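Encoded as structure tokens, the structure appears first; notes follow it.
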Amino acid sequence: MNLIRPLGPNPARGIPERRIPERRLRVRPGPVALVLLTATAFSLATPPPSATAQPARSARAFATFTVEERRLDRAAPQEILRRGGFAAVAPEFARSLGAAGSYAEAGRAVVREGARLWQRAVDRAQGRGAVQGDLSRDDDRPLYWARIGMTRELRSWQPGFALSDAARAALLGKLERSSRGQDSMAFPSETTADGKRVKRIVVTGFDPFTLDRDIRISNPSGAVALALDGTLINTADGPARIETAVFPVRWRDFADGTVEQTLRGPLSGADLFATVSQGGPGRFDIERFNGAWRGGFEDNDNVSETGTIPVTDPASQPQWTASTLPYRAIEAADTGRFPVHVNTSVTEIPAGGTAPVDRPDGPTPGSTARAGGGGDYLSNEIAYRATLLRDRLGRDIPGGHVHTPVLEFGAGNTDPATGTVSDPEFIQNRLDIVAQVRKIITVAAGAKR
């Protein structure tokens, strides 16, 4: 997960500066937390001025918007949309909704426009089509903010036919899935010249998050998903096709099964998978163990969840799952400018114990999870859910989680109050991270098991 500029060390644990939320295990209220809570309360109580200035949208409609949607009218998101060439997406979507004369027509419009947004973002990232706007092609943020604009239009839409809350929620679900590539992760039947099946690789990324700290934030894992979707790579074991999707940074979506719903089909036929998110500063981490615990850090709707990760059939739910990626081969390979580290650390409550203990070499038998190597936030959770799904499907394939380095703005552009939405160093950092993930996946797909 991504955090451009952490606020400083965690007073509860003495964690060094610039660690990400999933590294901030068991955050307790302190000076930083109080500042964040105060800022959050103020942002929720005070709508952006431009939001209240839109005559076509009532105050009541604005009150129904999510926290994510309320951020849209701020200057940086609007600039990102305009300079990314996506400013017209939400208005065009609103016109499509307005033309729908029935619920069925609305459903078709939602899926069509959502899929069009995803493909447009993929095409832009991969250099297809004319460039619109002056943001670099690799930027993941226009997709995020355009989708937020679409969900906001759908949430406030008043059709000429009856639309229940449940029916609107179903349309919102269709929009989320289609605009994230989640319903298009299909692998064609492909063989090489010698008749060998082309390998199939699943890769996932995340939306930007911690936007109340810095509204300009980008998530390199989302950029990875856009850059790699539908691409072919040549590995030491032959060619492989990659299919990708992006996931929200919201606890409730994960509890509702979005990971399992999206990945069950693709993982049933995949040869390898990697869930990807932004991690610590200056290095990649290949996480060895994932824990069945939610640590409570706030999501993109400023909601906090603490407790055991909710899954189907909890009676058979393990406390830990493990990566089966060829992590030593990845660590040893020359994949790019950032070092790659195999992370075996976890936090557990030992069998018979009551207090959490940090373990550098993985969990001990019978322990209860409190954090995987990737922490206790949604990056750990997607890794846990994907590897648990692998195991429940009985798939003996390589798979696990890759944490990228923190994506940083350039020197002199680190203050969100005065900084610009992009700069050359920021772009180069993201390009280098994306390129290194591609090489990591290439190494993993070609490694001998």
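The values are calculated or read from the model by the stated rules, or taken from the named source; none is laboratory data. Keep in mind the model is a prediction, meaning the values are calculated, not measured. When we count neighbours, we look across all protein chains shown, and the Cβ atoms used for this are built from the backbone with ideal geometry, even at glycine. Calculation scope for accessible area: heavy atoms of the full protein, side chains included, ligands and nucleic acids excluded. Shrake-Rupley method; radii C 1.70, N 1.55, O 1.52, S 1.80 Å.
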Return, for the Cα atoms of segment 99-238, the radius of gyration and Dmax in Å, separated by a comma.
17.9, 58
Per residue, how much accessible area does the chain have with a 1.4 Å probe, in Å²?
40
Show that you can apply the helix-only estimate: for the chain, add -39,500 (n - 2.57) for every DSSP H stretch of four or more residues, divide by all residues, and state [θ] at 222 nm to the nearest 500.
-12000 deg cm²/dmol
Cα-derived Rg over Rh, computed across the chain with Rh taken as Kirkwood radius
0.95
Show log10 I(q)/I(0) for segment 310-445 at q = 0.10, 0.14, 0.16 Å⁻¹, two decimals, from a solvent-free Debye sum over equal Cα scatterers.
-0.46, -0.81, -0.96
Output the relative contact order of the chain, whole-number percent, from Cα pairs under 8 angstrom with separation of 6+ residues.
19
Nearest-0.05 FRET efficiency for Gln132 and Ala315 at R0 = 56 Å, using Cβ-Cβ distance, is 0.60
Would you mind telling me the share, in percent, of accessible area of the chain contributed by carbon and sulfur at probe 1.4 angstrom?
54
For the chain, set up a Gaussian network in which alpha carbons nearer than 10 Å are linked by springs, and say which option among Gly149, Gly222, Gly336 fluctuates the most.
Gly336
Using a/c under 1.5 as the rounded threshold, could you call segment 403-449 rounded, prolate or oblate? The axes a ≥ b ≥ c are square roots of the C-alpha gyration tensor eigenvalues, and prolate needs a/b larger than b/c, oblate otherwise.
prolate
Both in Å, the radius of gyration and Dmax of the C-alpha trace of segment 172-240 are 16.1, 53
Just to be sure I understand: if I project the alpha-carbon convex hull of segment 207-255 onto a plane and average over all orientations, what area do I get in nm²?
4.8
Along each of its three principal axes, how wide is the spread of alpha-carbon positions in segment 127-188, in whole angstrom units, largest first?
42, 33, 16
List the trypsin sites (Lys or Arg not before Pro) in segment 312-399 that DSSP assigns to loop (not H, G, I, E or B) and whose Cβ has at most 14 other Cβ atoms within 10 Å. Which are they?
Arg337
